[in-house]
């Protein structure tokens, strides 16, 4: 059907990689925006809840789902792209949240263990099944579902750190 030689396929692969990298960076910036709280907050649990809801909104948005699906599908073919996606997406989000947790620990407002581990576990709890459901059903969760998941993740995290 298509008569593409190796050179044309390489050009298409490079273009796809470039486009996907740009999309990943754009979505990563949106996630980090959701995880950027005022650092001088007097109510870390409330701020964590707001951050969690913002994170879920980006992650389960149509663009977020499309990017996730593309990364999963193309990771075996473009391992460098997958590594870049993780480093600049989920990895950056975890480190950004870890920085927030460290600061709250320094201020005596939150009990924090290993901040990077805590951040990764917290974001995993926030995602819960909502992200997978959105990926498989192609529909984002409702505002109520996101609020409930965010509050539950914050309550669990804070109870475990009390």
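The values are calculated or read from the model by the stated rules, or taken from the named source; none is laboratory data. Remember, it's a predicted structure, so these values are computed and weren't measured experimentally. Using ideal geometry, Cβ is built from the backbone for each residue, glycine included, and neighbour counts are taken over all protein chains shown.
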What are the residues in the stretch 141-154 that are surrounded by 14 or more Cβ atoms within 10 Å (Cβ to Cβ) and part of a helix (DSSP H, G or I), if any? 145, 146, 147, 148, 149, 150, 151, 152, 153, 154
Could you please find all residues in the stretch 50-89 being surrounded by fewer than 16 Cβ atoms within 10 Å (Cβ to Cβ) and in a helix (DSSP H, G or I)? 62, 63, 66, 69, 72, 73, 79, 80, 83, 86, 87
So residue 128, is it surrounded by fewer than 17 Cβ atoms within 10 Å (Cβ to Cβ), farther than 22 Å from residue 41 by Cα and at pLDDT 90 or above: no
Just a yes or no: is a residue in the stretch 105-112 on the phi < 0 side of the Ramachandran plot, out of contact with any strand residue (DSSP E or B) (no Cβ under 7 Å at 6 or more places or on another chain) and part of a helix (DSSP H, G or I)? yes
Looking at 123, 110, can you tell me which residue is closer than 18 Å to residue 156 by Cα, within 13 Å of the chain's Cα centre (by Cα), crowded, with 17+ Cβ neighbours inside 10 Å and in contact (Cβ under 8 Å) with a residue 60 or more places away in the chain? 123
